[in-house]
Amino acid sequence: MAHEFKLLRRILKERSGIDLNEDKMDLVEAKLRPILKEYDFPSIAHLTLALMKPDNDHLRSRVAQTIAVLESYFFRDKAPFAYFTETMLPRLMERRAASRRIRIWCAASSTGQEPYSLAMLLSEEGRKLDGWNVEIVATDFSEEALRKARAGLYSQFEVQRGLPVSMLVKFFNKSGNGWQIKPEARDRVAFREHNLLNDCQELGRFDIIFCRNVLIYFDEQLKTAVLGRLARSWRRMAIWCSARRRAPPACRRTSWRCRSGIMACSV
Ligand SMILES: C[S@@+](CC[C@H](N)C(=O)[O-])C[C@H]1O[C@@H](n2cnc3c(N)ncnc32)[C@H](O)[C@@H]1O
């Protein structure tokens, strides 16, 4: 199994940047079970043999996406969202008063809870945003995560994680055993497939970038590369929102931090 795990680890690193620890072997095995079933592989060893074939690119991507951690919940960590409404949005509304356009990017948005939390906060602003074009672009490399995010359908358990009851009632409709986000919030978010390892220029430039709970899985070298790419997507005076209390080391080192005007890492 050690040999198979090494190969799976390499594939995951190449496809997603995620650097998996040896102690995650059991977790990987459990996560891959549905793929074994779907493709009719009797064991992980058979799957790894298939993964080595050059024409199995799609399978390699599927495996990487399956192993990735999709964990997310509404208003996760609270502080970044309070900071968004109390500081980021008012400051940006001052600075973008002429164009009345604000672009927000949720990079690695998983199943949608993060961008929808922002969308609900924007709706809560009410008339203040009349005449403004506030765009939320949410990206992830996982097709499964994007499918769920686009559907905007969450279980009772998922809506109980972080979402205030008042917001549940206001922004969701009951749908079977779950809850579906209403178009008012859903239509504020455009979901797109994007791998953080790739160039992001085609997404355009942003005023706020949320990139949370994903770089923790990358090694230092990759973190620096990804942060460099994100930095080039910032508009002047853009605001960064990390999950960590302190800026990631790569962030602190690079010079674009000063050029970008405001740097808000301590959320
Ligand atoms: C733990 S979730 C975090 C979701 C959300 N940002 C939050 O804080 O709740 C990490 C997400 O990163 C995505 N991810 C991992 N590697 C990626 C990559 N190379 N490119 C894009 N997304 C990636 C995973 O698919 C997963 O949805």
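The values are calculated or read from the model by the stated rules, or taken from the named source; none is laboratory data. These numbers come from a predicted model, not from an experiment. Heads up, the Cβs are rebuilt from the backbone with ideal geometry, glycines too, and the neighbour counts pull from every protein chain shown.
Can you find, within segment 1-48, the residue that is surrounded by the most Cβ atoms within 10 Å (Cβ to Cβ) among those that are without any contact (Cβ under 8 Å) to a residue 12 or more places away in the chain, among the charged types (D, E, K, R) and farther than 24 Å from A225 by Cα?
For segment 1-48, the residue satisfying everything is K24.
Tell me, which helices (runs of 4 or more DSSP H) wholly within segment 1-74 include 3 or more residues that are more than 26 Å from the chain's Cα centre (by Cα) and modelled with pLDDT of 90 or more?
25-39, 44-52
Are any residues in segment 178-222 within 15 Å of the chain's Cα centre (by Cα), within 16 Å of K13 (Cα to Cα) and polar (S, T, N, Q), and if so, which ones?
Matches in segment 178-222: N195, N198.
Would you mind finding the one in E135, E94 that is surrounded by 15 or more Cβ atoms within 10 Å (Cβ to Cβ), within 15 Å of D207 (Cβ to Cβ) and in the same structural domain as I209 (by TED's automatic domain parsing)?
Unique residue meeting the criteria: E135.
Going through segment 121-177 one residue at a time, which ones are among the acidic types (D, E) and over 18 Å from the mean Cα position of the chain (by Cα)?
Answer for segment 121-177, where residues must be among the acidic types (D, E) and over 18 Å from the mean Cα position of the chain (by Cα): E124, E125, D130.
Would you say L92 is assigned to a helix (DSSP H, G or I), touching a residue at least 12 places away in the same chain (Cβ under 8 Å), more than 14 Å from the ligand (Cβ to nearest atom) and closer than 28 Å to R188 by Cβ?
yes
To keep it simple, each residue is scored yes or no on (1) modelled with pLDDT of 80 or more; (2) within 16 Å of the ligand (Cβ to nearest atom); (3) out of contact with any Pro (no Cβ under 7 Å at 6 or more places or on another chain).
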residue	(1), (2), (3)
F218	yes, yes, yes
Q221	yes, yes, yes
W240	no, yes, yes
P249	no, no, yes
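Would segment 99-110 turn up any residue that is at pLDDT 95 or above and under 21 Å from Y217 (Cβ atoms)?
There is at least one residue in segment 99-110 that is at pLDDT 95 or above and under 21 Å from Y217 (Cβ atoms).
Would you say T48 is among the hydroxyl-bearing types (S, T, Y), away from the ligand (no atom under 16 Å from the Cβ) and closer than 22 Å to E144 by Cα?
Answer is yes for this residue.
Looking at F41, F5, F84, which is the one that is of a type in the set (F, W, Y) and within 16 Å of the ligand (Cβ to nearest atom)?
Exactly one residue qualifies, and that residue is F84.
Which residues, counting only those in segment 21-48, are out of contact with any helix residue (DSSP H, G or I) (no Cβ under 9 Å at 6 or more places or on another chain) and of a type in the set (A, V, I, L, M)?
Of everything in segment 21-48, just one residue is out of contact with any helix residue (DSSP H, G or I) (no Cβ under 9 Å at 6 or more places or on another chain) and of a type in the set (A, V, I, L, M), namely A30.
List the helices (runs of 4 or more DSSP H) that sit entirely inside segment 106-212 and contain at least 1 residues that are in contact (Cβ under 8 Å) with a residue 12 or more places away in the chain and in contact with an Asp or Glu (Cβ under 8 Å, 6 or more places away or on another chain).
Passing ranges, in order: 113-124, 143-151, 165-171.
Those residues that are surrounded by fewer than 24 Cβ atoms within 10 Å (Cβ to Cβ) and either in contact with a Gly (Cβ under 9 Å, 6 or more places away or on another chain) or under 17 Å from L146 (Cβ atoms) (or both), I need them from segment 97-110; list them, please.
Across segment 97-110, the qualifying residues are R100, R103.
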